[in-house]
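The values are calculated or read from the model by the stated rules, or taken from the named source; none is laboratory data. All of these numbers come straight from a predicted model, not from anything done at the bench. Every residue, glycine among them, receives a Cβ derived from its backbone with ideal geometry; neighbour counts consider all protein chains shown.
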């Protein structure tokens, strides 16, 4: 468990919550489901019931070995050890109880992927970053997420539903893909937020670009921030 806590991973131990997550994923026999974070497999076998194929990846090789033994009867399940965010498999649905330390990485990776929708569990504080309407509380990951997904908060999950229990509660989110981003655009949005206290005029100077506006990042809408990033990337 110590290794998993270091990775920011806590094992869901509620079968009813696991069933709710899988139900919200709306899996059909035409779907390939990608699960990152196999863990103890509480979601894995449920995902296999309706899917054409489930690919489940975990960075902990011992957990994958245990899952291979436990789920040897599931012929539509592919189990793999390694970094799930380096995978190149095609999938239509994404389901994950995301390690807290990997939530931002996951959103940026999913922003670049082509898929239909997903159900993810994240730390409550991270969900608030994605869903905030306050310009001052926005983070770059929220701009990226809201441009690429329709995001719906489904339900809260208390810390007592995990082993070991985390210090914070979690939230299950539904994400529906609406746009994709390149890695260059994502990196540029992150860069803009590193200059967020500067005016747009001064931000553009960092990239040898010009504008007449004296607005700051907090004065811009999400779409305007995306447009600013695209302007910076123009050759």
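Residue pairs whose Cβ atoms lie under 6 Å apart, sitting 6 or more positions apart in sequence or on different chains, and linking a residue in region 126-137 that is touching a residue at least 12 places away in the same chain (Cβ under 8 Å) to a partner that is surrounded by 11 or more Cβ atoms within 10 Å (Cβ to Cβ) and in a helix (DSSP H, G or I), are 126/103; 129/142; 130/142; 130/145; 135/218; 136/218. Of all residues in region 169-180, those satisfying the criterion of being surrounded by fewer than 19 Cβ atoms within 10 Å (Cβ to Cβ) and either farther than 30 Å from residue 14 by Cα or free of Cβ contacts under 8 Å to residues at least 60 places away in the same chain (or both) are 169, 178, 179, 180.
With 211, 199 as the choices, which residue is free of Cβ contacts under 8 Å to residues at least 24 places away in the same chain and touching a strand residue (DSSP E or B) at 6+ places or on another chain (Cβ under 8 Å)? Just one listed residue meets the conditions, 199. Of all the listed residues (202, 214), the sole one being outside the structural domain of residue 25 (by TED's automatic domain parsing), at pLDDT below 95 and out of contact with any helix residue (DSSP H, G or I) (no Cβ under 9 Å at 6 or more places or on another chain) is 202. Residue 123: assigned by TED's automatic domain parsing to the domain that holds residue 35 and out of contact with any helix residue (DSSP H, G or I) (no Cβ under 7 Å at 6 or more places or on another chain), yes or no? Criteria not met by residue 123.
Considering region 196-206, the residues that are surrounded by fewer than 15 Cβ atoms within 10 Å (Cβ to Cβ) and in a loop (DSSP other than H, G, I, E, B) include one that is farthest from the chain's Cα centre (by Cα), namely 206. If the condition is being modelled with pLDDT of 95 or more and in contact with a helix residue (DSSP H, G or I) (Cβ under 8 Å, 6 or more places away or on another chain), then region 59-68 contributes only 67.
For region 69-91, the condition of being in the same structural domain as residue 159 (by TED's automatic domain parsing), touching a strand residue (DSSP E or B) at 6+ places or on another chain (Cβ under 7 Å), under 18 Å from residue 175 (Cα atoms) and at pLDDT 95 or above holds for at least one residue.
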